[in-house]
Structure formats: C-alpha cells, structure tokens
Amino acid sequence: MAKRKESPRQSYFELDTAKRWDNSNASVEELRTGIWAPIEKFSHNSLILKNFVENKRKRTIETAWGKVTVSGNILTQAHRDLIDCILAVSSKKKELINGDVAVYFQRSDALKKYGDNSSKNHKWLDDKLNEIQNSSIELRDKKGDFYRFSILKLTAYSEKEGSFGIVFTSEYRQYIESQLTIGYLAELDKLLAIDSALLKSIVRFFWTHKDAWRMDIDDLLKTVGYPSDSDQMTRSAKREIESNLDLLEQFGISSATEEEIIVGKKRKAKRLLYRKAEDSKITFIAPSSNPPSLS
C-alpha cells in the first residue's frame with residue numbers, strides 16, 4: 001500500500017474524522033437507497049442478472065431518499081456483510097496519500113466473523129472484494145446533490161503492517177464524511193445470524209431511523225431495492241416477511257395489531273413499524289461541518 005507522504009493538507013486524521021471511521025460503518029443514505037441488493041447471491045439464469053446485463057451492467061433504484069445506479073457488478077447483502085466484518089475486526093485505520101483510507105485486518109478473522117468456520121475461504125473473500133472494487137456508484141439524493149464514486153481502490157497485503165488491507169477511495173471517504181453515518185457493529189453478530197438477505201436489508205433500513213419509523217411493505221420492498229420484476233417475486237418477498245414477523249420483532253420491527261390481518265393462523269401485515277430498543281447500541285454521527293476537500 002502507498003506510503004503516506006507529507007502534503008499541504010494535514011497528514012493525519014483529524015479527531016472528528018478518526019472518530020467517524022472508528023465508530024461508523026456505513027452512511028444512512030446508502031442503506032436507504034438500495035445500493036446493497038437484498039439478495040445473498042443469484043444464479044446465472046436469474047432475472048435480476050438478465051436485466052442487469054441487458055441494461056449494460058447497470059442497476060438503477062429510485063426511492064424517496066434518492067436515485068442510485070450501481071455499475072459493474074450487482075452489490076448484495078453479502079458484500080455489505082463482508083465490509084462490516086472487515087471493519088469489525090480491523091487492527092488499524094489510517095489516511096493515505098490523496099485522502100484514501102486504509103483498513104488493515106487478518107482475512108481469517110474477517111471470515112470467522114462472517115461465519116466461515118474454516119476461516120480459510122480466502123478466494124471467496126478476494127473475489128467479493130474485487131467485485132466491490134470493480135463497481136461504481138452514481139447517487140443523486142433528495143436534495144439534488146450528486147455523487148459518483150467507487151468504494152474500494154485496491155486490496156493488498158502490507159508487509160509493513162503484517163496484515164491484509166483494503167483501501168477506501170478518497171471519493172468514497174469524501175462522500176462518507178459529508179453524510180449522517182451509522183455505527184451498528186456492536187449489533188453485527190445478531191444481524192449476521194439472520195439467514196435471509198431480504199430480512200437483513202430490512203433491518204439495516206429500519207436501523208437508520210434514530211427512534212421510530214413505519215412503512216408500507218410495498219414501499220419498503222422498493223426502498224431496499226428488492227428486484228420486483230414480477231408479481232410472483234413480490235408475493236414471495238411478502239410471504240418471507242410475514243413468515244418471519246417473530247424474528248423481526250427481535251429487532252424492534254413489528255406490525256401493529258390494528259394494521260395486521262389474521263388469516264387462519266397466518267399473520268399478514270400491510271406495513272411494518274420500527275421502535276428503537278432502549279438497550280440498542282446503534283450510534284449516529286452527524287455530517288462533518290468541514291468535509292475533506294480532496295481536489
């Protein structure tokens with residue numbers, strides 16, 4: 001990894017910058033705009049991949065929080081999980097030349113956190129990181145602000161640090177530091193225990209609200225970027241949510257009694273409500289008052 005050189009800019013993290021990168025792991029906005037698709041993986045003949053290829057390897061989602069286009073690869077909940085795991089086990093973070101941010105970690109630790117008991121599936125980890133690196137994002141938020149960035153610049157082994165590392169691009173760093181960010185690594189193990197990528201994306205979305213939120217399920221599916229290319233897929237997603245209401249309640253997400261339809265022994269919810277638990281360890285950091293100028 002590139003060695004830090006002195007520049008007119010300060011050559012170390014400012015206190016508030018260090019606090020953000022140590023205590024945040026995502027922007028609120030990226031978890032509300034469907035960047036990370038609510039799927040774990042997809043088959044080569046799946047409709048989402050077919051549409052992605054036909055659209056020149058682009059995936060566009062538009063929600064109440066903004067419009068985002070992801071190019072290069074379909075980024076999934078597995079990619080988001082992996083970044084979270086790396087940040088959770090990282091041994092060091094530091095600023096590199098041009099404002100990039102390096103995060104050092106042991107691959108076996110990240111895989112163990114992810115749930116790979118063997119901790120040896122390095123090829124899978126490297127492939128996922130390469131997919132993130134070879135993807136780009138264009139995002140226009142509800143205020144009209146436009147961002148274009150790739151998340152990762154490179155992945156490499158650092159002889160100096162004696163560990164593997166990833167480098168977040170300066171453009172992504174600038175974006176992150178201009179946003180409200182969220183830290184949920186203290187709750188990560190509980191999130192990773194969820195088998196369903198759709199449910200993970202729903203939990204992540206509701207976590208971005210500081211106290212409470214409610215949303216119709218149809219709007220929720222659109223917001224998390226669920227590939228509702230057919231009525232059958234939408235019905236399948238709704239069944240998955242309804243059959244896991246007990247699980248969602250463990251995260252403060254429920255359907256209110258007056259809004260819940262009981263059909264036989266099945267629970268059919270029209271909308272979901274979120275109330276942040278009193279013992280929640282989720283934290284937020286406001287946008288920087290002086291985000292880095294990286295020009």
**Request:** For K270 paired with D22, estimate the spin-label separation in nm (one decimal), with each label point 7 Å from Cα along the Cα-to-Cβ line.
**Result:** 4.8
**Prompt:** Does region 188-275 come out rounded, prolate or oblate, given a ≥ b ≥ c as the square roots of the eigenvalues of its C-alpha gyration tensor, rounded meaning a/c under 1.5 and, failing that, prolate meaning a/b above b/c?
**Reply:** rounded
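Quick check on the chain: helices-only [θ] at 222 nm, where DSSP H runs of length 4 and up contribute -39,500 (n - 2.57) each and the sum goes over total residues. Nearest 500, please. Display every interim value, and only then the final one.
Numbers: 12 runs with 103 residues, N = 295.
It lands at -9500 deg cm²/dmol.
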**Message:** Under 10 °C and 1.306 mPa s, how fast does region 129-240 diffuse according to Stokes-Einstein, given a Kirkwood radius computed over C-alpha pairs? Answer in µm²/s, whole number.
**Reply:** 93
**Asked** Could you give the angle, 0 to 90 degrees to the nearest 10, between helix 197-207's Cα long axis and the longest principal axis of the Cα atoms of the chain?
**Response** 80
**Complete:** Tilt, helix 77-89 to longest principal axis of the chain (alpha-carbon atoms), in degrees rounded to tens, equals 50
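Taking region 126-166, which GluC sites (Glu not before Pro) meet the DSSP loop condition and have no more than 11 other C-beta atoms within 10 Å? Spell out each step's value before the answer.
Values: sites: E131, E138, E159, E161; in loops: E159, E161.
Those that pass, being in a loop and sparsely packed, are E159.
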**Message:** Can you tell me the mean projection area, over all orientations, of the convex hull of the chain's alpha carbons? Units nm², please.
**Reply:** 16.7
**Prompt:** Which of these, I217, I83, I182, has the largest mean-square fluctuation under a Gaussian network model of the chain (Cα springs below 10 Å)?
**Reply:** I217
**Prompt:** What angle, in degrees between 0 and 90 and rounded to the nearest 10, separates the Cα long axis of helix 122-133 from the longest principal axis of the Cα atoms of the chain?
**Reply:** 90
**Prompt:** Whole-Hz Karplus ³J(HN,Hα) for region 109-116, in order, using 6.51 cos²θ - 1.76 cosθ + 1.60 and θ = phi - 60°, x for Gly and Pro?
**Reply:** 5, 5, 5, 5, 4, 5, x, 7
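Rule-based calculations on the coordinates, nothing more; no lab input. Nothing here was measured: the structure is a model prediction, and the numbers come from that model. All Cβ positions, even for glycine, are placed from backbone atoms using ideal geometry, and neighbour counts span all protein chains on display.
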